[in-house]
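The values are calculated or read from the model by the stated rules, or taken from the named source; none is laboratory data. In this text, all values refer to a predicted model and were calculated from it rather than measured experimentally. Glycine gets a Cβ as well: all are built from the backbone with ideal geometry, and neighbour counts include every protein chain shown. Quick note on the areas: whole protein, heavy atoms, side chains included, nothing else; ligands and nucleic acids left out. Shrake-Rupley method; radii C 1.70, N 1.55, O 1.52, S 1.80 Å.
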Amino acid sequence: MILTASERRRAIAGGAFGLAGIALFIGLAIVTLLSAGIVSTGGNPLTDPYLLRVLRFTLLQATLSTLLSVVLAIPVARALARQPRFPGRLWLIRLMAVPMGLPVLIGALGLLGIWGRQGIFNQALTGLGLSQPVSIYGLTGILLAHVFFNLPLAARLMLAGLERVPAEYWLMAGGLGMRPTSVFRFIEWPMLRGLIPGISGLIFMLCATSFTLVLILGGGPAATTLEVAIYQALRFDFDPGRAVALSLLQIIVTAAILAAMALLPAPDDHGLTAGRAVRRIDGALPGAKLIDSALLLLATLFVGLPLASVVITGLKADLLRLVGQTIFLQAILTSLSIALGAGMLAILASFAIIRARSVISAERRKAPGLRGLAIALSGTSSLVLLVPPIVLATGWFLALRLFGDPTRFAALLIIVINALMALPFVIRVIEPAYAVHRRRTERLAASLGLQGLSRLHLIDWPGLRKPFFTALSFAMALSLGDLGAVALFGSDSLMTLPWLVYSKLGSYRTNDADGLAFILGLVCLLLTIAGTAGQGGHEDEGRRNDR
Amino acid sequence: MPNRSLLSLFAGLVLAAGATLFAAHGAEAADKTLTIYTYESFTADWGPGAKVKAAFEKTCGCTVNYVSVTDGVALLSRLKLEGAGTKADIVLGLDTNLVDEAKDTGLFDASGIDTSGLKVPGDFKDDVFVPYDFGHFAVVYDTQAIKNPPKSMKDLVEGDPSQKIVIEDPRTSTPGLGLLLWVKSVYGDKAADAWTKLKGRILTVTPGWSEAYDLFTKGEAPMVLSYTTSPAYHMITDKTDRYQAAAFSEGHYIQIEVAGLIKSSPNKELARDFLKFMVSPGFQDTIPTNNWMMPAAATSEPLPDAFSKLVVPSKTFLMSPDVVDKNRKAWIDEWLAATSTN
């Protein structure tokens, strides 16, 4: 890496600063909770058989959910990568971004519209003469929902990886007449193998901390995650000590599993490419076309039908009246402002972390301090997902009491909490693109002596603009669908869209809630469209590294 | 160093977004205000909040300021978080199961209100908390899906397991806790057995009332744990008799919603005036068709027709708050053990 000494220092300082900020934000919340002077009434969580059962179930469902999501995502991503040109391809990719941005309750209801007892699946079965509906409640329902939410995420990240494979490889594969199995074995799998631990880790954390989905689709208390126990400890029992202990248990156990997954071998970085257009001859074979079409159709139905069910129920609502209400306008403005703030903050922190990591990894002889910083950076930036937002929000609420009414800081706190939760996703979108961009441009920029604003203007912004917008839209969609942090502070002046949906549901106004859920999904789709703008055809740019 | 300028640009945007929200949030009225902490559906556009505020402000020469959180449980958590520094003058929206814990915070003062004129079943008497409305828990069913609704808790527990019910989780919601106490009131020591039997009929256990009721109205299950007053909403707003509450011969458990005044309030006289107003028709008139509960005191007009068609429980169950507080954890554990085995 070609950097001046001061550039290097600044990059490392930026990373350390970001890390300190995150650690301080989480640490302060936990310390305040522990020092609140509220006596814990629960016993030691590690000897409580109920909690051990909960822990076991949490890990079981998270493991299965991750396995299913990741394994099923591989053929989908491969089919998408192999078929770079078909009508609706970009729309399929956009569609896949929508589940992430939906509040889980809405996603769950969409799923039930298809797979529920009154869903079209069961209606078809009843039509075939089955007397009792097939019930998905229980582990099946949880897995189904987790795959619905996470398969598209995994497929998108894998697709981005496959599209980073240099065009020269495909040229070579074509020249050698490699069969699809060899292409998979020698080109696609080595690329995917490097991505899978990271993607699995992310999905594992999302599933391990799942709350609403597990309760709604789990069928009963046999399906309980630690997150439920944490929520209960803070909400009903008001026992911050126990909540913190359970959060630590959640973080440590999951981190141990993630560490074990990270031990899987990761392949070397791919070499430099001339950036020529990708031509995939393997996808043009008739057999491959047929298989890919079938796969993509299935994936589209699996993701699209529940979303269609949200649309259909949503259209039954009086949308015009809903949209005209001041409360709606307020809610959508608040939601978008919070999402924009959170998205920006997440990108800011991600860039600091990514730069520091890339500078440190380029060092030939790493000082132990730097190595530690690199490990802490990658650990923290992914493990933040395991810190329950309710713990952060409660801790900060207590801490901010000293400065007057804590709800005055609610918006800022929600922005920070949402940004933290989006951080791992943003890093995964930006980091690979950043690495490629750096390799492509740093020598030239250094030789031209470009620095500061002129480099930003001429080189970095044009090169990183697309991943920037992709990551921003991703983070904003995530924040838009978040209810967690708002719930504690939620007061009249801070009405967000998911909060409004819940509030309509809470007072019999199911139709209104359906309508708002549809609008929320639409906003997520619009964000995704904005995030993927200008990425129409596959050949209008040499290489794409930014999905 | 390019990314530094990029970083400062982002930092600026983040701060700007935050500052906008912060500023919007900081505005407050200047004259004498009565701050009422309550739950969100009370202050929502369609809730009683706005009407109550308008009516009270006419007489008090003050401004009513609501601070709302998700529900009664969140209300209590909020108070515990704020402790003595709370800005509340009145806390409105706890239920009887929470009042013992609420008193333990030491934040509340005696109401000084004569509650003998209130007509709330289940003889709840308290010198701190004043009831403002109530509702009986009930199994609400879809008449298009169920022809023979359960007529008793026993029917529900032992009935056809293919006819499902959605219930709420007692670990996270007050209706869930209500059902737990209801089953306990009917079955006593045999409650665990009853839950083991009922388990087969439970489609799923949701975190709160909203999710359960939505699943029910979407047709996922023909029965849901809700309130005897739920059908009134559908009769009045949706103009349909489709959803009805099942009358249980053993009786129904009651949820009484109460309000109390904060000891450290600088506006105690005003707060007391509000509590008096709360049990007068000016407040009570807003309850039936805005909060969809039964008024705790006289209203100026008779209740709408739909309310005369509602189930009137033959017997009301209500455990005293200290019994609930003492046993809640053990009973939830019992429920967990009975329902989570496979």
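Once amide H atoms are placed 1.01 Å from N in the peptide plane, what residues at a sequence separation of 5 or more from B:Val64, or on another chain, have their amide H within under 5 Å of its amide H?
B:Leu34
Total Å² of accessible surface buried at the B-A contact, 1.4 Å probe, nearest 100?
7200 Å²
For the protein assembly as shown, can you list the cysteines whose C-beta has no other cysteine C-beta under 4.7 Å from it?
Cysteines lacking a close Cβ partner in the protein assembly as shown: A:Cys207, A:Cys524.
So if each residue of separation counts as 0.36 nm, and I subtract the Cα-Cα distance between A:Gln325 and A:Ala259, what length gain in nm does that give?
Using 0.36 nm per residue and subtracting the Cα-Cα distance, I get 18.8 nm.
Once the piece of chain linking A:Val134 and A:Ala367 is laid out straight, how much longer is it, given 0.36 nm per residue of separation minus the C-alpha distance between them?
Taking A:Val134 through A:Ala367 to full extension adds about 77.9 nm, to one decimal.
To the nearest 0.05, what FRET efficiency results for B:Asp238 and A:Ala530 with a Förster distance of 25 Å applied to their C-beta separation?
0.05
Report ³J(HN,Hα) in whole Hz for each residue of region A:341-349, in order, from the Karplus equation J = 6.51 cos²θ - 1.76 cosθ + 1.60 where θ = phi - 60°; Gly and Pro get x.
x, 5, x, 4, 4, 5, 5, 4, 5
For a quick check: with amide H placed at 1.01 Å from N, whose amide H comes under 5 Å from A:Gly220's, ignoring anything fewer than 5 positions away on the same chain?
Correct list: B:Val205.
Put +1 on the Cβ of each Lys and Arg and -1 on the Cβ of each Asp and Glu in chain A; which of A:Leu90, A:Gly283, A:Ala29 then has its Cα farthest toward the positive end of the dipole?
A:Gly283
Dividing the Cα convex hull volume of region B:33-81 by residue count, how many Å³ per residue is that?
Roughly 63 Å³ of hull volume per residue.
So what does the Cα-only Debye profile of region A:45-305 read at q = 0.09, 0.13 Å⁻¹, as log10 I(q)/I(0), no solvent term?
Summing over Cα pairs of region A:45-305 leads to -0.50, -0.92.
If you keep only loop residues by DSSP, which GluC sites (Glu not before Pro) in region B:127-233 have at most 15 other Cβ atoms within 10 Å of their Cβ?
none
So how strong a dipole does region A:45-305 carry about its Cα centre when Lys and Arg Cβ are +1 and Asp and Glu Cβ are -1, to the nearest 20 debye?
Here region A:45-305 has a charge dipole of around 720 debye.
What's the extension gain from B:Lys190 to B:Ser308 if we count 0.36 nm per residue and subtract their Cα-Cα distance?
Net length gain for the segment: 39.0 nm.
For the protein assembly as shown, what is the percent of antiparallel DSSP beta bridges, rounded to the nearest 5?
Roughly 60 percent of the beta bridges in the protein assembly as shown run antiparallel, per DSSP.
Any idea what the relative contact order of chain A is, in percent, if you count C-alpha pairs under 8 Å spaced at least 6 apart?
Here the relative contact order equals 27 percent.
Between A:Leu402 and B:Thr33, what is the FRET efficiency for a Förster distance of 25 Å, r being their Cβ-Cβ separation, to the nearest 0.05?
Using R0 = 25 Å, I get an efficiency of 0.65.
May I ask you to list the lysines whose Cα is less than 18 Å away from that of B:Lys164, ignoring any residue fewer than eight positions away on the same chain?
Reachable lysines: B:Lys147, B:Lys151, B:Lys154, B:Lys197, B:Lys199, B:Lys218.
Pull up the cross-link candidates among the aspartates and glutamates for B:Lys309, meaning alpha carbon to alpha carbon under 18 Å and not fewer than 8 places away within one chain.
Output for B:Lys309: B:Asp142, B:Asp238, B:Asp241, B:Glu301.
Using the structure shown, select from B:Lys58/B:Lys276; B:Lys239/B:Lys315; A:Lys504/B:Lys53 the pairs with a Cα to Cα distance greater than 19 angstrom.
B:Lys239/B:Lys315; A:Lys504/B:Lys53, as the Cα separations exceed 19 Å there.
How many Å² of accessible area per residue for the protein assembly as shown, probe 1.4 Å?
Heavy-atom SASA per residue in the protein assembly as shown reads 38 Å².
Explain nothing, just compute: Karplus ³J(HN,Hα) = 6.51 cos²θ - 1.76 cosθ + 1.60, θ = phi - 60°, for every residue of region B:114-121 in order, whole Hz, x for Gly and Pro.
Couplings: 7, 9, 5, x, 6, 10, 10, x Hz.
With the full set of protein chains in place, find how many percent of the accessible area of the protein assembly as shown is carbon and sulfur; take the probe as 1.4 Å.
Accessible surface attributable to carbon and sulfur in the protein assembly as shown totals 62 percent.
Place a +1 charge on the Cβ of each Lys and Arg in chain A and a -1 charge on the Cβ of each Asp and Glu, then give the dipole magnitude about the Cα centre in debye, rounded to the nearest 20.
The calculated dipole for chain A is roughly 1360 debye.
When the Kirkwood hydrodynamic radius is evaluated over all pairs of different C-alpha atoms of region B:59-164, what value in angstrom, to one decimal, is obtained?
For region B:59-164, the Kirkwood estimate is 17.5 Å.
For region B:205-222, take each phi angle, set θ = phi - 60°, evaluate the Karplus expression 6.51 cos²θ - 1.76 cosθ + 1.60, and give the result in whole Hz per residue in order, putting x for glycine and proline.
With the stated coefficients, region B:205-222 comes to 10, 8, x, x, 4, 4, 5, 4, 5, 5, 4, 5, 5, 7, x, 5, 9, x Hz.
Give me the one-decimal Kirkwood hydrodynamic radius in Å for region A:120-246, with the sum taken over alpha-carbon pairs.
So the Kirkwood estimate lands at 18.5 Å.
Find the relative contact order for region A:209-259 and round it to a whole percent, using C-alpha pairs within less than 8 Å whose residues are 6+ positions apart.
In percent, rounded to a whole number, it is 25.
Using a 1.4 angstrom probe with every protein chain in place, what is the largest-first accessible-area order of A:Asp460, B:Asp100?
Sorted by accessible area, descending: B:Asp100, A:Asp460.
Starting from the amide H of B:Val166, placed 1.01 Å from N in the peptide plane, find each other amide H under 5 Å away whose residue is 5 or more places distant or on another chain.
HN-HN under 5 Å from B:Val166: B:Leu203, B:Met223, B:Val224, B:Leu225.
Taking the Cα centre of chain B as the origin, how large is its charge dipole in debye, to the nearest 20, when only Lys and Arg (+1) and Asp and Glu (-1) carry charge on their Cβ atoms?
340 debye
Report the local net charge at B:Ala74: Lys and Arg +1, Asp and Glu -1, summed over other residues whose C-beta lies under 12 Å from its C-beta.
+1
Which of B:Ala259, B:Ala296, B:Pro281 sits closest to the plus end of the dipole of region B:253-307, meaning its Cα is farthest towards the positive end, when Lys and Arg get +1 and Asp and Glu get -1 on the C-beta?
With unit charges placed on the Cβ atoms, the residue in question is B:Ala259.
Please sort by residue number the trypsin sites (Lys or Arg not before Pro) in region A:66-95 whose DSSP state is loop and whose Cβ has at most 12 other Cβ atoms within 10 Å.
Taking region A:66-95 and a limit of 12 other Cβ atoms within 10 Å, the loop trypsin sites (Lys or Arg not before Pro) found are A:Arg85.
Take the Cα atoms of the protein assembly as shown, build their convex hull, and give its volume per residue in Å³.
Per residue, the Cα convex hull of the protein assembly as shown comes to 165 Å³.
Per the Cauchy relation, a quarter of the hull surface: what is the mean projected area of the convex hull of the alpha carbons in chain B, in nm²?
Approximately 22.0 nm², given one-decimal rounding.
Tell me the label-point distance for the pair A:Ile120, B:Lys119, using the 7 Å Cα-to-Cβ offset, in nm and rounded to one decimal.
5.2 nm
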